[in-house]
Every structure is written in C-alpha cells, then in structure tokens.
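Notes follow the structure.
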Amino acid sequence: MKRNLIFLLATIFIAQVIQAQMPSGAWRDHLPYSHGKKLAEYHNRIYCLTTDGSLYSFGINDRDIKKHSKVNGLSDAEISTIGTSSVTSTLLIGYSNGNIDLVRNDSVINIPDIKRKSIIGGKSINNVYIRNNYAYLACDFGIVLCDLNRREIKETYYFGPGGTQIQVNAITSDGVEIIAATGQGIYHADINDPNLLDFSAWSKYQNLPDPDISYKYVVSYNSSLYTIYRNGTSSDAVIRFDESSWENWSQGFSSHYEFLGGQNGNLVLSTTDHTRIYSSQGTVSREIVSFYSQDVLVDSGNDLWYAALFGGLVKVDANGNSSAIAPSGPPYRDAGDIQALQGNVWVAGGTFKTKWTGNGAYLFVDEKWKEYNGNSIPDLKDFLNISEISIDPNDPGHVIGGSYGYGIAEFQDGRLVHIENESGGVLKPVQSYEGQTGYVRITGIDIDKEGNIYAVGSNALTAAYKKQPGQNWTAINLNYKGFGFQTNTGEILVTSTGQKWLALNNAGIVVFEDENGESTSEKSFNVKNQFGTVVDNVLCLAEDKDGTIWVGTNKGPVQYSDPSEIINSTANIEGYQYVIPRNDGTSSGDIMLSSEQVNDIAIDGGNRKWIATEKSGVFLISADGKKELLHFNEENSPLFSNSVQTIGINDKTGEVFFGTDKGIIAYNGSATEAGEDFGDVYVFPNPVRETYQGNITVSGLASDVNVKITDITGNLVYETAALGGQAVWDGRNFRGDRVQTGVYLVFCTNEDGTKTYVTKLLFIH
C-alpha cells in the first residue's frame, strides 16, 4: 500500500532507457533506484542517493538520467551519503566502508584514508555538513574533517565518553558552534577551537527531554537549534532547544516525522504525507503533498524536489503535480539464484541474510525490471524468501520459485498460479518442526526437458519431490538414509541424460533416476579428486555442453566427465581437478582454484565456465577447463565485491549477471547461445565510427561457425571461430593494425559448409 501512494496522485514514472545492445566487454550495473534517501544539486543535475546505496542523477535542462557507480568511474559500492560544496565546486560521495570520492567536473578523486584505517566497529559516513572549504563527515565513530581544496583528511574527532568512539548521525553549525546529533545525545563545541581533537572540548546538551538517546537530526534555524524527539512511542515531537531549556515547537503538525533539515536558511519538515518549508522569516513559504519524503531540495531555479522512500527522485511543479524519476532496476540489492532463458533473466531475491524478508523474485526483460513479491502480488505477502529459480525449458513464461521456509511458488506469464507448502501434505517441514508452518526449506529447483519439476527440501526426512505436467506434487522415495534434521541439502541438477544430481552440503552427492515416485537406480558418494582428497562441502552443480558435471566446492571445482557410468559403477568414484604446471623445471603443479570456495558455476554459449567465488571475485575458465581466461575482482574491474554468490547468463545477448553481496552487476560476454541455423544475424556497431574503440560483435550465428572478414576486394583481414552464437573482432588485422575506412564483408560458414551467411560492415576513420 505504501509503495502505491505516490502513484495515486497520477505521478509519472520516468524510466531510463538504456540501449539494449552493449559492446562486448562492457559493464553495467543493475541496482535498485526506487527508494530515495538524500538529494544534492551539482552542475545542473539533481543527484539522488537511495537507501540501498545506489546513486543516479537527472539533468535539470536536458532531462536525461544517468546512473553513477563503479561502472562509470566511482571508487566503491554502497554509497551512504552525498553533499555538495559550491565554494570548491565539489560533489562529495561517502561510502558505508568509509571510502570517499570527490567529484569535480568529470574527474573523481579518491580519498581512501578512513577505509584503510584500522578502526574497531563501523566506518560508515552517515552524513556530511559543508562549511567553506571543509566537509564535516558524520561517521560511525566520530567526526572527520576533510579539506576539499587540499583533498585530504585534516582531523578526526572522537568525543564520546572519555574520548571514545561515538556514532554521529548529523552535523550542523550556527556559525559559532559545531553541533552533532549522535547515538548518545547531542554534542556541541566551539567550531573555532584549535583543540577539537581533545574530547574535553565537547559538551553534551543535558537539558534535552532525554539527553542520552539517539538523535537522527539537528538543524540550526533562526538562531535556534531544532531536532526530532522520539520517545519510544509512535508520537514524535519537533523540539527547539539551547543550553538552558527546550520546548515543543508549536508549528509542528504531525505525530510522526520522516525528515528534518535545513537549506539556505530555510527549515524543511516532512511527515509521511506532507512537507512544509519554513522561510528565514519563520513563515511557511511552501507546502506540498509528499509521501515518505526522506530529503527535500529547492534547486538553483527554485524548483522543488524530494527523495521518496517509495519512488526515488520526485519533482514537484508550481501547481503541486508530482513526477517520479528513476532508472529501472530490481527492487532490492539482494540476489539469490539467477537463471535466464530466451532473454528473460530471473533473479531470486532471497539470500541467507534475507531469508525472512519478502523480497520475492525479480525479472529483467526488454531492458526493464519487474518485481514479483507482496508489493505486486498480494498473495505473496507472507511467502518469504524466494531463493531458488527455475525456468521451464519448454515455456519461458513458466517459472518456479523455491523458498527457504515457505515452499514453492509457481508463475505463468507473470501471474502467480499456485503456492505449494506443508498444507498440501506432500512437502515436509524441517524434521524438528513437523506440524508447524513456515519450515519447508526448499534449496533446489530444476525442470527437465519433459516439463517435470524437481525440488529438494532441507533438514527433512523426505528430501526429493517431483511434479509432472498437469499433476500434483509427489515425494520421491530415495534409498539414501542420511536425510533428516542434521543434513543440509543444496541444489538439484537434472542432466541432459535424465539423471538427477542432489547436493548434500557436507555429505557429498546423491545421483538417482526415478519412476512412479521411486528411485529406480541410485548412488551416493563423497566428492573426492583423482588424488583421493575428500572435499567436504558441495555448494553448486552445473552441466556443460559436453555433458561433464561441474561441482563447486569449498576447495575449487571438481569435474565428472562420464556421469552416466556413476550409478552402475562398483569402483570408488573420483572426480577430477585440473592441475596447473608450475613451469619451474619440476613436475610439480597446483590444483586450479583449490583455495577458492566456489559459490556458483554458469556455462556460456561457448562452453566456457564462469566461476563465482566467495573471496576472489569471478573466474572465466576455457571450454576444456584448463586455462584461466579472465579474472574479475573489485580491484581490477567494476565488480562491486569479491564475494560473488550467483551467476546467470542472458542466452540471447551474452550478458553475464553477477549477484554479489553488494548488488547485481553485469559484464557483456563474448558468447551467446547458438541456434540450429542462422537467426537474425547482425553486426554491432555498424557503422564503426572513428571514435569507437571497443569490440565489434557478430551475433545471431548458427553453432560451430567460422567467421572470415575481408575487404571489398576479397583480401582476408581477420578470421575467428564463433563462441556459441557470437563472434568478436577488435577491428584489427592480422598485423594488429586497425583496419582502414571502407566496406568489409563478413563471411559466416559452419564446419561442413552447409550453412552460410554473408553480411557487410562499414568502417569509418
């Protein structure tokens, strides 16, 4: 209901349109942008920071929307505050880990001092107060003074009891003192005191109604100080105070306030549905209807904007009409399982930390994000934590979502058609919670080529379930006797040959074939490599295009190249881990990625393996599994975090989606899924302009295609094999020189020459 309030006033949602085609090797973020938190004006743009730590801006004159992240030059992820200095023409960006970016024109100057400093506890920059050439940063541990001209940290003030750390929420000044609203009251000190480093220079306002509680706001207005007092009930009070007394401010107008702030001598006060701006003369200069306003800004042209908790950046015109402005993005940063089919990219919103939230699932299609949870589908209100996703290979509109606690949700063409939980009598809850609701822990979902749905439940005596098309869910009776409260199950993978691989997080793997609810053949085994080393933690499963099963473990990936023989094998079952020679003159080598916890594995159109790790980012491994082709981490790429939980690949575009612990970011890979024949073959970009420096892609190809590029007279300038349904060219000839202006022919032929395609490409210098 809250989310829809803003649209009841006929608010206009302006979505950012991003060109669907991206160059190979390009990055873009997929972050939430609809939860506004803080605003700033800088260089004719209004910047909106969200509660999720995302940042975007809107051009006051050109009306274009830009997203700002590591993809286009920022130094970090999870932004916590922003502020601007007109004196130094600087936009300051503070992060939750203490990092700082100073933006001047098109340059980003990073100040990582706080991030790198050894501090016990949090480092988040919660707010910023700009005065002259200085930025006073309200941090989790105190106040940091940043010199904007010299671009450096000048001082740090610890003024908690005895000079200890103290969480600072907001800062203001009346020109004489600096005042800080903290988690333990409101403090003040002489702003010109040369010894602010000494905690004894700071004093607490003892006359407040409760001097020791947390205060979120403090504003200097008309020679008085104002804050919001929350007394532990639903009733708030705006109070005016000084060192000797406090009083309720008679112009307050609500029992709950969302925001209190000051700008250019004005006082701004917002409630859940209302905003007032008080002029420097103490009168109401403007009053608007607003919903959950978290910040308010009157720009240099006297236009009014506010940050809406449900809507993002909102502009209010002179007649009071509202327009919500935000790029399209998923509703939350959290990303569980990611699956894609025929250009539909589904993301489960449930992770371990969000298992009791209602994030639901998100769909990215046609360059827009949609959400499937209690906000959009009322029947999902109490269905928490969709963490597993599977798309029907016969029908991309048919999607199954598994919840760690609430069962299985089935969607058809965007509609919720069924919820299966313990009330149906088939799905079993956690063993020790039998008879109670909310404990069916689904950890894996997969759908075979006949449309049969398989699911796995954790910590229950029954672990495997099946639903045939048009029928009800049934339990599969497996011979394995280790299921129960102590056994955590993981993914289930239905292979191309019809086997089902069921991961047991700390007890190996169960492989089975089934019929009529019974296991017809079955094998359970611990995961160990060719050296006999047992790997005790199985985290993910994937099948590549050669039928090899890849098992992600806490000690790297393990391969099973002949899985069809496993069930009937009487020998010890061993997997294989590739050993990289050291090339040091000895026969010694090291197991590839043996020190990495592998959280997820995805196979691209070229049969290459994308591997998500817990601490080292993402690796791309060659089709034969023997060579590291790429390694992305937060230091060498825009990747938000080295902790990558999930990977999904858009089969149509080759865009690889990385679900990190700080949000979703995507890299446009060089491989797509190939078709049986040539599809809509196109070259991007075409023409290639003189300013373009990226790769050129030829898409829509059949499988196993060789691509030759010649000039108009037939001279061969480049040749390559397609990766799945796409070939990539850097625009250079065999000598490494960029080709000259002219028309080039692109010849595409499969191995036996039965399928061919020719297209043209124009190069301009």
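Points to keep in mind about this one:
- Relative contact order %, region 154-257, counting alpha carbon pairs below 8 Å whose residues are six or more apart: 20 percent
- Taking 0.36 nm per residue of sequence separation and removing the Cα-Cα distance, the residue 572/residue 691 pair yields an extension gain of 36.9 nm.
- Among the protein heavy atoms, those of residue 761 account for about 0 Å² of accessible surface (1.4 Å probe, every chain in place).
- Within-14-Å neighbourhood charge of residue 565 [Cβ basis; K, R +1; D, E -1]: -2
- Solvent exposure, largest accessible area first (probe 1.4 Å, DNA, RNA and ligands not counted), of 86, 224: 86, 224
- Surface listing: 150, 63, 441 arranged by accessible area from highest to lowest gives 150, 63, 441, probe 1.4 Å.
- Taking every C-alpha pair closer than 8 Å and separated by at least 6 residues, the mean separation divided by the residue count of region 662-751 gives a relative contact order of 31 percent.
- Residue 229 accessible area, assembled protein chains, probe 1.4 Å, Å²: 40 Å²
- Square roots of five times the Cα gyration tensor eigenvalues for the chain, Å: 50, 33, 26
- Contour excess over end-to-end distance, with Cα ends at residue 242 and residue 471 and 0.36 nm allotted per residue: 75.3 nm
- On full extension, the segment bounded by residue 434 and residue 590 gains 51.5 nm, given 0.36 nm per residue less the C-alpha separation.
- In a DSSP loop and with at most 16 other Cβ atoms within 10 Å, the GluC sites (Glu not before Pro) in region 388-471 are 434, 450.
- FRET efficiency for residue 303 and residue 72, using Cβ-Cβ distance with R0 set to 35 Å, rounded to 0.05: 0.85
- Amide H contacts of residue 556 (H built 1.01 Å from N, in plane; Pro and chain starts excluded): 596, 598 sit under 5 Å, all sequence-distant by 5 or more or on other chains.
- FRET efficiency estimate (nearest 0.05) - Cβ-Cβ, residue 747 to residue 682, R0 22 angstrom: 0.90
- Ratio of Rg to Rh over region 139-192 (Cα coordinates, Kirkwood Rh, two decimals): 0.97
- Residue-wise HN-Hα coupling along region 578-595, computed from phi with Karplus coefficients 6.51, -1.76, 1.60 (Hz; x: Gly, Pro): 5, 9, 8, x, 7, 6, 10, x, 10, 8, 6, x, 10, 5, 4, 6, 5, 8
- Greater than 18 Å apart at Cα, pairs in 381/428; 528/555; 70/123; 368/652; 466/500: 381/428; 70/123
- Taking Cβ atoms as reference points and 15 Å as the exclusive limit, the residues near residue 700 contribute a net charge of -3, counting Lys and Arg as +1 and Asp and Glu as -1.
- Burial ranking of peptide ranges 252-260, 683-691 (average Cβ count within 10 Å, highest at the top): 252-260, 683-691
- Taking amide hydrogens as placed 1.01 Å from N in the peptide plane, the amide H of residue 484 sits under 5 Å from those of 459, 460, each at least 5 positions away in sequence or on another chain.
- When peptides 480-488, 95-103 are ranked by their average number of other Cβ atoms within 10 Å per residue, the highest-first order is 95-103, 480-488.
- Karplus 3J(HN,Hα) series, Hz, for region 317-328 with 6.51 cos²θ - 1.76 cosθ + 1.60 (x for Gly, Pro): 7, 5, 8, x, 7, 10, 10, 8, 10, 7, x, 6
- Solvent accessible area, Å² - residue 428, 1.4 Å probe, full protein context: 80 Å²
- Net charge over other residues, Cβ less than 11 angstrom from the Cβ of residue 91 (K, R count +1; D, E count -1): 0
The values are calculated or read from the model by the stated rules, or taken from the named source; none is laboratory data. Not measured: the values here are computed from a predicted model. When we count neighbours, we look across all protein chains shown, and the Cβ atoms used for this are built from the backbone with ideal geometry, even at glycine. Each accessible area value is taken on the protein alone, full model and side chains, heavy atoms only, with ligands, DNA and RNA left out. Shrake-Rupley method; radii C 1.70, N 1.55, O 1.52, S 1.80 Å.
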